[in-house]
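Enquirer: One structure, pasted below without further comment.
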Amino acid sequence: MSLVSDLTDLVSSAFEAEGLDRSFGEVVVSQRPDLGQFQCNGAMAAARNAGIPPRQVAERIVERIRSDSRLSRVSVAGPGFINLTVTDDYLAGWVARIARGDDGLRVERPRRVLVDYGGPNVAKDLHVGHLRPAIIGESIKRIIRRLGHDVVGDVHLGDWGTPMGQLIAELEDRFGDLPYFDPDYTGPYPDEPPVTLADLQELYPIAAKKAQTDPEFAERARRATFELQAGRPGYRALWKHLREVSVRAFKEVYDLLGVEFELWLGESSVHDRIAPMVERLLASGVARHSQGAVVVDVADEDEDLPPLILVKSDGSYTYGTTDLATIEERVVDLGREDLIYVVDARQSLHFRQVFRAARRSGIAPTDVTLEHAVNGTVNGLDNKPLKTREGGLPLLRDLLAEVIERAARRLDENDLAVGYPEEERAEIARLVGVAAVKFGDLQNHRASNYVFDVERFTSFDGKTGPYLLYGAVRMRSILRNATERGFEPGPLLPPASDEERRLMLTCVLLPEVLVRSAELRAPNHLAEYTFGLVSDFSRFYEKCHILSEPDPDRRGAWLGLVEFTHRLLVECLDLLGIRVPDRM
Ligand code: ARG
């Protein structure tokens, strides 16, 4: 229950009393705040259904709700819009109710959800392509969890298959004397990896290229992949090291970004299920042999899709095979009911094929939902996908370092964190830089592309992460100053000004925003809301001079509102995955 749903109930009952469907009574925030705080647009559709003039329907509804104690003003506008304004008591009552934690947000029947939003590949450091899934996926996960669902995030490493064999073959060429390559060696293998991520980053492209141009190398790489998968101990030990080195590097960057995966599974985790799965699909007729390969037909009358290849003619499995087996793992072993993939829109064909195959085979039963929550690209100032000067994909650690450095200078330019210990300043710059990047991303709908504009993102003015952090820090310092003067937050009072009323109205809209963000897998709604909250707070704070207010009840009420807004803001930022410094 929320203020908006309470109003919806009221208006729906009025429609019902008029013999019309309750569903016409939906109340939303007004597009025309000059006419009312809320509106109901259902009279037009109801009138069409009932064959009555719409204004007449609207007037009858208004007649029924006019004297309700929750409303201070009700009117009909235009062809039949119903405008509603609530009383200040009712509004303040709802703010107090949410402040007590009674927001009615927790769902009755929680779902078991998994969000797949990592996808980095072993031996390659995180790059710009991993930025949006990480930021958006983390926020989607937190928002859905806030509604009471059981949600886990999985990094889903690309840690298996051809690239691993290519790397092993390349390492064998270079470090052939190491025990990993001696088939007669029985262990133990070294504790420490023989290479660093930097080595791997350099070697992997070389190996991949050789595999394309040198048939002898390609054959050795293929055999290495096969033997690795078959369990050759030296290769498994080496592979474990490669994975470890990479995971350690991924964690550094994900930690910096405030991105936390509950599960560090990967393509390798499902290796053992693949062969039996293919057998089963062949036996049940869902898969068929085709020109030496095994495929699943996924086209139907609605959509003409190419078949999903499960086994290639050379006997190897594909990206699609792995994702199909991973669905099985998630449903059967992990008991997940909703699978959400936050992955680049350019992989949409892949997911359409895999999801179809999962349905056709029953690997995803009908009560399991599969969803590709696509993300767009990060573009450079030229509005083309971001590249390094050399034309490669920028590494996330480099991108973040650049923004954090700019954030540190922004602190100077704005006289912030002056005289703080060096270490604290550096930490603040990190938080400001990460907030800049995350909010710069999250304010866009996940499916659209955006321009990565370091100057704009790091500014303390405008719709930016730093502006929001500053807002939160300022609220805290207001509360601290008040405490120093012996003023404490007290019970809320009905608003005394338009600015205060508006801030309260924004506060009570949080439940709707969270539900919308969760349902649409679209944290940009929450991002927009959070920005609105800080802007409304600024206007309130400018208008209401809290510390010089002589009436102690009013002053206490205002401080109570500051305290609650601060709490709400920190929570919104947390749901966006943004951390707030204590001071700045
Ligand atoms: N590793 C993949 C890539 O580099 C992304 C994985 C996305 N998640 C998935 N379940 N397919 O393209």
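Enquirer: Condition first: closer than 28 Å to Pro495 by Cβ and either in a loop (DSSP other than H, G, I, E, B) or of a type in the set (Phe, Trp, Tyr) (or both). Can you find one or more residues in segment 42-64 that meet it?
Expert: no
Enquirer: May I ask you to say which residue of Pro523, Pro491 is closer than 23 Å to Ser72 by Cα and at pLDDT 95 or above?
Expert: Details: Pro523 fails: closer than 23 Å to Ser72 by Cα.
Sole residue among the options that is closer than 23 Å to Ser72 by Cα and at pLDDT 95 or above: Pro491.
Enquirer: Could you count how many residues in segment 420-449 are in a helix (DSSP H, G or I) and free of Cβ contacts under 8 Å to residues at least 12 places away in the same chain? Break it down into steps so the answer makes sense when it comes.
Expert: Taking segment 420-449 first, the residues in a helix (DSSP H, G or I) are 422-442.
This time we only want the ones that are free of Cβ contacts under 8 Å to residues at least 12 places away in the same chain, so: 422-424.
Here the count works out to 3.
Enquirer: What strands (runs of 3 or more DSSP E) lie completely within segment 277-365 and have 3 or more residues being more than 16 Å from the ligand (Cβ to nearest atom) and either over 28 Å from Leu131 (Cα atoms) or at pLDDT 95 or above (or both)?
Expert: Working: elements: 287-290, 293-296, 308-311, 338-341.
Ranges flagged: 287-290, 293-296.
Enquirer: In segment 136-170, how many are assigned to a helix (DSSP H, G or I) and under 20 Å from Ser246 (Cα atoms)?
Expert: First, the residues of segment 136-170 that are assigned to a helix (DSSP H, G or I): 136-146, 162-170.
When the remaining residues are screened for being under 20 Å from Ser246 (Cα atoms), the result is 162-170.
Matching residues across segment 136-170 total 9.
Enquirer: All but one of (1) touching a Lys or Arg at 6+ places or on another chain (Cβ under 7 Å); (2) under 25 Å from Leu370 (Cβ atoms); (3) within 16 Å of the ligand (Cβ to nearest atom) hold for Val253, so report the exception by its number.
Expert: The number of the failed condition is (2).
Enquirer: When you scan segment 109-138, how many residues do you find that are β-branched (Val, Ile, Thr) and closer than 22 Å to His525 by Cβ? Working first, answer last.
Expert: We begin by selecting, within segment 109-138, every residue β-branched (Val, Ile, Thr); these are 113, 115, 122, 128, 135-136.
From what is left, the residues that are closer than 22 Å to His525 by Cβ are 113, 115, 135-136.
Residues meeting the conditions: 4.
Enquirer: Of all residues in segment 89-126 being within 16 Å of the ligand (Cβ to nearest atom) and over 22 Å from the mean Cα position of the chain (by Cα), which is surrounded by the fewest Cβ atoms within 10 Å (Cβ to Cβ)?
Expert: Per the criteria, the residue is Lys124.
Enquirer: Kindly indicate whether Asp68 is over 30 Å from Pro491 (Cβ atoms) and either touching a residue at least 60 places away in the same chain (Cβ under 8 Å) or touching a helix residue (DSSP H, G or I) at 6+ places or on another chain (Cβ under 7 Å) (or both).
Expert: no
Enquirer: Do any residues in segment 565-582 that are in a helix (DSSP H, G or I) have Cβ atoms under 7 Å from those of residues that are among the hydroxyl-bearing types (Ser, Thr, Tyr), where the two are at least six apart or on different chains, and which pairs are they?
Expert: Leu569/Thr530; Cys572/Tyr529; Cys572/Thr530; Leu573/Thr530; Leu575/Ser139; Leu576/Ser139; Leu576/Thr530
Enquirer: Another question about this same structure. List pairs: first residue in segment 319-336 and closer than 20 Å to Asp150 by Cβ, second residue part of a helix (DSSP H, G or I) and within 11 Å of the ligand (Cβ to nearest atom) anywhere in the structure, Cβ distance under 6 angstrom, at least six positions apart or on different chains.
Expert: That search, which allows pairs on different chains as well, returns Thr326/Val270; Glu329/Val270; Arg336/Arg330.
Enquirer: Another question, if that's okay. Picking from Pro491, Pro495, Pro511, Pro552, which residue would you name as being in contact with an Asp or Glu (Cβ under 9 Å, 6 or more places away or on another chain) and exposed (fewer than 15 other Cβ atoms within 10 Å of the Cβ)? It would help to see each step written out before you state the result.
Expert: On the way: Pro495 fails: exposed (fewer than 15 other Cβ atoms within 10 Å of the Cβ); Pro511 fails: exposed (fewer than 15 other Cβ atoms within 10 Å of the Cβ); Pro552 fails: in contact with an Asp or Glu (Cβ under 9 Å, 6 or more places away or on another chain).
Sole residue among the options that is in contact with an Asp or Glu (Cβ under 9 Å, 6 or more places away or on another chain) and exposed (fewer than 15 other Cβ atoms within 10 Å of the Cβ): Pro491.
Enquirer: Looking at (1) buried (at least 16 other Cβ atoms within 10 Å of the Cβ); (2) out of contact with any Lys or Arg (no Cβ under 9 Å at 6 or more places or on another chain), which one does Arg66 not meet, given that it meets all the others?
Expert: Result: Arg66 passes all but (1).
Enquirer: Continuing with the same structure: Looking only at segment 228-243, which residues are over 26 Å from the mean Cα position of the chain (by Cα) and in contact (Cβ under 8 Å) with a residue 40 or more places away in the chain?
Expert: Taking segment 228-243 as the starting set, the residues that turn out to be over 26 Å from the mean Cα position of the chain (by Cα) are 228-242.
Matches in segment 228-243: Leu228, Gln229, Arg232, Pro233, Gly234, Tyr235, Ala237, Leu238, Trp239, His241, Leu242.
Enquirer: Follow-up question, since we're still on this one. What is the residue count in segment 127-167 for residues that are buried (at least 24 other Cβ atoms within 10 Å of the Cβ), within 11 Å of the ligand (Cβ to nearest atom) and either free of Cβ contacts under 8 Å to residues at least 60 places away in the same chain or on the phi > 0 side of the Ramachandran plot (or both)?
Expert: 1
Enquirer: Okay, moving on. So which of Leu20, Leu84 ends up being in contact with a helix residue (DSSP H, G or I) (Cβ under 7 Å, 6 or more places away or on another chain) and within 18 Å of Leu503 (Cα to Cα)? It would help to see each step written out before you state the result.
Expert: On the way: Leu20 fails: within 18 Å of Leu503 (Cα to Cα).
Criteria check complete, one pass: Leu84.
Enquirer: Let me ask something else about it. Would you point out which residue out of Glu519, Glu499, Glu484 is among the acidic types (Asp, Glu) and within 31 Å of the chain's Cα centre (by Cα)?
Expert: Working: Glu499 fails: within 31 Å of the chain's Cα centre (by Cα); Glu484 fails: within 31 Å of the chain's Cα centre (by Cα).
Sole residue among the options that is among the acidic types (Asp, Glu) and within 31 Å of the chain's Cα centre (by Cα): Glu519.
Enquirer: Another question about this same structure. Return the residues of segment 401-419 that are closer than 15 Å to Val473 by Cβ and either in a helix (DSSP H, G or I) or free of Cβ contacts under 8 Å to residues at least 60 places away in the same chain (or both); say none if nothing qualifies. Walk me through how you get there before you give the answer.
Expert: Step one: filter segment 401-419 for residues closer than 15 Å to Val473 by Cβ, giving 407, 410-411, 414-418.
Ala407, Arg410, Leu411, Asn414, Asp415, Val418 - these are the residues of segment 401-419 that are closer than 15 Å to Val473 by Cβ and either in a helix (DSSP H, G or I) or free of Cβ contacts under 8 Å to residues at least 60 places away in the same chain (or both).
Enquirer: For segment 24-33, check the following and say yes or no: at least one residue is in a helix (DSSP H, G or I), at pLDDT 95 or above and of a type in the set (A, V, I, L, M). Spell out the reasoning first.
Expert: Within segment 24-33, the subset in a helix (DSSP H, G or I) is 24-25.
Still in the list and also at pLDDT 95 or above: 24-25.
With of a type in the set (A, V, I, L, M) added as a condition, the list becomes none.
No, every residue in segment 24-33 fails to be in a helix (DSSP H, G or I), at pLDDT 95 or above and of a type in the set (A, V, I, L, M).
Enquirer: Can you spot a residue in segment 383-399 that is more than 30 Å from Phe439 (Cα to Cα), more than 15 Å from the ligand (Cβ to nearest atom), part of a loop (DSSP other than H, G, I, E, B) and touching a strand residue (DSSP E or B) at 6+ places or on another chain (Cβ under 7 Å)?
Expert: There is no residue in segment 383-399 that is more than 30 Å from Phe439 (Cα to Cα), more than 15 Å from the ligand (Cβ to nearest atom), part of a loop (DSSP other than H, G, I, E, B) and touching a strand residue (DSSP E or B) at 6+ places or on another chain (Cβ under 7 Å).
Enquirer: Within segment 185-198, can one find any residue that is within 16 Å of the ligand (Cβ to nearest atom) and either acidic (Asp, Glu) or assigned to a helix (DSSP H, G or I) (or both)? If you could, list the steps in order and put the result at the bottom.
Expert: At the first step, the residues of segment 185-198 found to be within 16 Å of the ligand (Cβ to nearest atom) are none.
Looking for residues that are within 16 Å of the ligand (Cβ to nearest atom) and either acidic (Asp, Glu) or assigned to a helix (DSSP H, G or I) (or both), one finds none in segment 185-198, hence no.
The values are calculated or read from the model by the stated rules, or taken from the named source; none is laboratory data. What you see is a predicted model; the values in this text were computed from it and never measured. Reconstructed Cβ throughout: ideal geometry from the backbone, glycine too, with neighbour counts over all protein chains shown.
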